[in-house]
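Since every read-out is calculated from the coordinates, none of them should be taken as a lab result. Quick caveat, the model's predicted, so the values are computed rather than measured. Backbone-built Cβ (ideal geometry, glycine too); neighbour counts: all protein chains shown.
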Amino acid sequence: MATFELEDVETAFRRFWHTGMIREDWDAWADLFTEDVVYLERVLGTMHGRETVRQWIVPLMEQHGEIYGIYNWHIAEPSGRVVFHMTNRRDHPGGEGALDFPGITVLQYAGNNQWSSEEDYWAEKLSMQQWEQYEAALKQHDPGHRNKRTRNQWGDGPDWAIGKKSFWDWPDRQRATD
């Protein structure tokens, strides 16, 4: 079994988090996997290969652009194993806090800033309840909220795990329509 400097694993994990959860550059995020990655998504099944992951994640996150990930905690080992807990969040369209459901991910580091496997586990029933609450709140408060892609509730994580107030606040982002 390969071992890595723990600092390298931590640095790669922060890059992984920043590229996906903070920058939401899902195309670049897919590049952080090895070409032969095995990605187990507990509800959607197992994907094999970086390009398969890319073809899945890019349109999925475009379709559900109102959702963002909140860092709760992680552990990393010299074996390259990283386990993290996150909250999948949508800001409430009426400004009444956030709508959440939890998730756990297990990553395997392969070196050279790449990951050879990912396993995602999330609370399916809670995610459906959150989705229904969000859809009802859209109708009641702001039907256009989804396109605002707000990120108002980053939680109390470390500075490296906190992003901007909106997906659109990054200088390279342009809305197709306002």
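Observations
- Just one of the listed residues (5, 10, 35) is closer than 30 Å to residue 165 by Cβ and either out of contact with any Gly (no Cβ under 8 Å at 6 or more places or on another chain) or among the acidic types (Asp, Glu) (or both), and it is 10.
- Looking only at residues of the range 55-97 that are of a type in the set (Val, Ile, Thr) and out of contact with any helix residue (DSSP H, G or I) (no Cβ under 6 Å at 6 or more places or on another chain), we find that the one that is farthest from residue 108 (Cα to Cα) is 67.
- Count of the range 127-162 residues, restricted to those that are charged (D, E, K, R), under 25 Å from residue 72 (Cα atoms) and touching a helix residue (DSSP H, G or I) at 6+ places or on another chain (Cβ under 9 Å), is 4.
- Residue match in the range 58-65 (condition: more than 18 Å from residue 127 (Cβ to Cβ) and in contact (Cβ under 8 Å) with a residue 40 or more places away in the chain): no
- Pairs, first buried (at least 16 other Cβ atoms within 10 Å of the Cβ) in the range 21-34, second in a loop (DSSP other than H, G, I, E, B), C-beta under 6 Å, six or more apart: 22/163
- Taking each residue of the range 141-156 that is under 17 Å from residue 21 (Cα atoms) and looking for partners that are among the β-branched types (Val, Ile, Thr) and crowded, with 17+ Cβ neighbours inside 10 Å with beta-carbon atoms closer than 6 Å, six or more apart or interchain, yields 155/70.
- Residue 133 being in contact with a Lys or Arg (Cβ under 9 Å, 6 or more places away or on another chain), farther than 22 Å from residue 10 by Cα and of a type outside the set (Ser, Thr, Tyr): yes
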